[in-house]
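Contents: one structure, followed by commentary.
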Amino acid sequence: MAENQAEEHEWDDEDYGLDSRVVDQILDAVEAEDTARLNELLEPLHAADIADLLEQVSASERRDLLRLWSGEIDGEILSEIDEAIREEVIEYLPREVLAEAVRELDSDDVVDLIEDLEEPQQEIILSSLEESDRAAVEQSLTYPEYSAGRLMQREVVTAPEHWSVGEAIDYLRSAEELPDQFYHVILIDPRVHPVGYVTLGKLLSSRRDVMLRDLAEDSFRTISVYEEEGDVAYAFNQYHLISAPVVDDDGRLAGVITIDDAMTVLDEEHEEDILRLAGVGEGSLSDRVIETTKQRLPWLGVNLATAIIASIVIAQFEDVIAQIVALAVLMPIVASMGGNAGTQSLTVAVRSIATRDLTGSNVWRVVRREALVGLVNGLIFAVVMGIIGWIWFGLPGIGGVIAAAMVVNLLIAGLAGILIPVALDKIGVDPALASGAFVTTVTDVVGFFAFLGLAAVFLL
């Protein structure tokens with residue numbers, strides 16, 4: 001019985017995200033200009049899936065889809081759309097549709113929606129808001145980009161610290177407007193300084209005569225409006241926060257940040273690190289050819305420069321390679337193994353720096369570990385390649401040289417992979433952005449120099 005139930009509830013990849021068959025049906029409805037069929041297909045989809053659909057189709061298909069369906073689009077869909085095409089989507093929407101969609105959003109979502117738009121489009125959205133909402137959004141836009149002031153929402157549920165549970169519940173029941181989602185009731189003093197918060201679970205499970213201050217959570221902490229959003233996301237992840245009040249320069253309550261926004265920032269930072277490690281900037285699948293080319297061109301140029309440096313090293317040993325052709329066959333193996341080992345160490349280092357696991361107190365222990373890992377791996381593959389080189393070319397000297405070069409390069413790769421990102425971070429350069437080129441250069445140059453240099457000394 002249990003096995004049957006498990007089979008009935010087993011999920012596959014198609015249970016989440018867009019089904020390709022549905023996408024094809026939607027595009028067929030767009031091509032046929034069948035508005036009724038299009039509405040029927042889009043109505044059950046989640047806002048995030050509709051946003052994915054708009055990102056995946058071509059610009060012309062997106063334009064036709066919005067022309068037929070724009071009257072149904074809402075604010076949640078707009079907030080889910082990738083920034084790369086958001087401005088384009090907004091241009092296609094009738095002004096009254098855009099205004100209605102924006103009014104549904106919380107203040108933090110409105111700020112996220114308009115902060116990257118051109119001023120004329122910002123004004124269109126701001127003019128559609130009520131005066132109080134517009135003032136709140138404009139105030140948030142005065143804070144630095146990527147700060148808590150931009151990330152927070154103004155819709156906050158508060159209660160005086162001297163209230164009882166009964167007074168708080170009566171207030172919540174009688175309030176005309178409450179945020180669609182909130183996790184805490186924030187306790188404030190007479191000067192509107194947040195002094196604690198109470199979870200809804202504790203509020204609803206306690207007797208009416210219990211004082212709110214007696215239910216306050218130990219996890220309470222405030223965040224400055226100027227705090228960098230990366231630090232905010234770290235605090236949420238590190239201290240398992242659900243929401244946190246944001247305070248201004250005077251310590252007064254300015255807004256609240258919730259876990260969904262903090263985790264979005266964390267996800268974006270992870271994505272950014274991965275893209276930068278690959279030297280592709282902050283591009284997306286929706287970017288045009290020229291934009292993608294501009295993002296990738298500089299780092300391809302850097303890679304070309306590093307490749308030229310490695311080639312210069314090789315050129316110093318032309319005579320050696322001419323006399324022992326086997327070296328030309330084997331030297332890419334040494335460089336490739338060093339590059340892969342360096343990338344492994346580099347990836348661990350960049351991630352540890354981003355999560356603040358790698359600090360001044362443990363950096364040298366990690367450096368020693370990576371050096372030993374490189375040395376052990378180098379010895380293992382030295383034996384393997386030594387035997388292969390000997391058997392392949394029938395020369396024990398070739399096997400010995402590539403074995404020694406393998407040990408040297410994997411040891412240096414492990415050290416470079418950890419020391420280069422740490423050094424770049426110390427001088428204020430993003431290690432995810434710049435480390436790859438330096439590590440590749442070091443492993444290529446050391447690999448070629450060690451292999452060809454040892455060959456020149458011991459084989460000629």
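With respect to LEU424, is the statement that it is in the same structural domain as ASN362 (by TED's automatic domain parsing), part of a helix (DSSP H, G or I) and farther than 13 Å from ALA349 by Cα true? No; evaluated as a whole, the condition is false for this residue. The residue that is farthest from the chain's Cα centre (by Cα), among those in the stretch 83-116 that are buried (at least 17 other Cβ atoms within 10 Å of the Cβ) and not in a helix (DSSP H, G or I), is LEU93. Failed condition for VAL195, given (1) part of a strand (DSSP E or B); (2) not assigned by TED's automatic domain parsing to the domain that holds ARG252, with all others met? All conditions are met except number (2). Once the stretch 220-232 is narrowed to residues that are modelled with pLDDT of 90 or more and not charged (D, E, K, R), the residue that is farthest from the chain's Cα centre (by Cα) is PHE220.
Of the residues that make up the stretch 198-209, is at least one in contact (Cβ under 8 Å) with a residue 40 or more places away in the chain, assigned to a helix (DSSP H, G or I) and crowded, with 16+ Cβ neighbours inside 10 Å?
Applying the first criterion (in contact (Cβ under 8 Å) with a residue 40 or more places away in the chain) to the stretch 198-209 yields 199, 206-209.
Adding the requirement that they be assigned to a helix (DSSP H, G or I) leaves none.
No; the residues of the stretch 198-209 include none that is in contact (Cβ under 8 Å) with a residue 40 or more places away in the chain, assigned to a helix (DSSP H, G or I) and crowded, with 16+ Cβ neighbours inside 10 Å.
What residue, of GLU55, GLU33, is assigned to a helix (DSSP H, G or I), assigned by TED's automatic domain parsing to the domain that holds LEU105 and modelled with pLDDT under 90? Steps first, please.
Details: GLU33 fails: assigned to a helix (DSSP H, G or I).
The match here is GLU55.
Condition check ((1) under 26 Å from ASP112 (Cβ atoms); (2) surrounded by 18 or more Cβ atoms within 10 Å (Cβ to Cβ); (3) among the acidic types (Asp, Glu); (4) in contact (Cβ under 8 Å) with a residue 40 or more places away in the chain) across all residues:
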{"residue": "VAL30", "(1), (2), (3), (4)": "no, yes, no, no"}
{"residue": "GLU33", "(1), (2), (3), (4)": "no, no, yes, no"}
{"residue": "ALA36", "(1), (2), (3), (4)": "no, no, no, no"}
{"residue": "LEU53", "(1), (2), (3), (4)": "yes, yes, no, no"}
{"residue": "SER58", "(1), (2), (3), (4)": "yes, no, no, no"}
{"residue": "ARG67", "(1), (2), (3), (4)": "yes, no, no, no"}
{"residue": "ILE77", "(1), (2), (3), (4)": "yes, yes, no, no"}
{"residue": "GLU80", "(1), (2), (3), (4)": "yes, yes, yes, no"}
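Inclusion of PHE448 among residues that are surrounded by fewer than 20 Cβ atoms within 10 Å (Cβ to Cβ), over 24 Å from the mean Cα position of the chain (by Cα) and either touching a residue at least 60 places away in the same chain (Cβ under 8 Å) or within 18 Å of VAL366 (Cβ to Cβ) (or both) is not warranted.
Taking the criterion of being of a type in the set (Val, Ile, Thr) and touching a residue at least 60 places away in the same chain (Cβ under 8 Å), the only residue of the stretch 112-156 that qualifies is VAL156. On the given criteria, is ALA405 in contact with a Phe, Trp or Tyr (Cβ under 6 Å, 6 or more places away or on another chain) and within 19 Å of ALA456 (Cβ to Cβ)? So ALA405 fits the description; yes.
Annotation note: Cβ proximity below 8 Å between a residue of the stretch 349-374 that is outside the structural domain of GLU272 (by TED's automatic domain parsing) and more than 21 Å from TYR239 (Cα to Cα) and a residue that is outside any helix (DSSP H, G or I) and of a type in the set (Lys, Arg) (sequence gap 6+ or interchain) occurs for no pair.
Which ones in the stretch 183-192 are aliphatic (A, V, I, L, M) and assigned to a loop (DSSP other than H, G, I, E, B)?
Step one: list which residues in the stretch 183-192 are aliphatic (A, V, I, L, M), which gives 185-188, 192.
VAL192 - this is the single residue of the stretch 183-192 that is aliphatic (A, V, I, L, M) and assigned to a loop (DSSP other than H, G, I, E, B).
Scanning the stretch 150-182 for residues that are assigned to a helix (DSSP H, G or I) and exposed (fewer than 13 other Cβ atoms within 10 Å of the Cβ) yields ARG173, SER174.
Working carefully through the options ALA405, ALA455, ALA432, find the one that is modelled with pLDDT of 90 or more, outside any loop (DSSP other than H, G, I, E, B) and crowded, with 20+ Cβ neighbours inside 10 Å.
Working: ALA455 fails: modelled with pLDDT of 90 or more; ALA432 fails: modelled with pLDDT of 90 or more.
Every option except ALA405 fails the conditions.
Among the numbered criteria (1) farther than 14 Å from ALA159 by Cβ; (2) touching a helix residue (DSSP H, G or I) at 6+ places or on another chain (Cβ under 7 Å); (3) surrounded by 14 or more Cβ atoms within 10 Å (Cβ to Cβ), which one does TYR234 miss? Failing condition for TYR234: (2).
Can you tell me how many residues within the stretch 168-188 are without any contact (Cβ under 8 Å) to a residue 40 or more places away in the chain and not basic (Lys, Arg)? If you could, list the steps in order and put the result at the bottom.
First, pick out the residues of the stretch 168-188 that are without any contact (Cβ under 8 Å) to a residue 40 or more places away in the chain: 169-178, 185, 187.
When the remaining residues are screened for being not basic (Lys, Arg), the result is 169-172, 174-178, 185, 187.
Of the residues in the stretch 168-188, 11 are without any contact (Cβ under 8 Å) to a residue 40 or more places away in the chain and not basic (Lys, Arg).
In the stretch 117-139, the qualifying residues are those that are assigned to a helix (DSSP H, G or I) and of a type in the set (Ser, Thr, Tyr), and the one that is farthest from ALA51 (Cα to Cα) is SER132. Applying the condition of being over 17 Å from GLY342 (Cβ atoms) and not polar (S, T, N, Q) to the stretch 354-367 and asking which residue is surrounded by the most Cβ atoms within 10 Å (Cβ to Cβ) yields ALA354.
The values are calculated or read from the model by the stated rules, or taken from the named source; none is laboratory data. Being a predicted model, the structure only gives us computed values, none of them experimental. Neighbour counts are summed over all protein chains in view; Cβ atoms, including those assigned to glycine, are modelled from backbone coordinates with ideal geometry.
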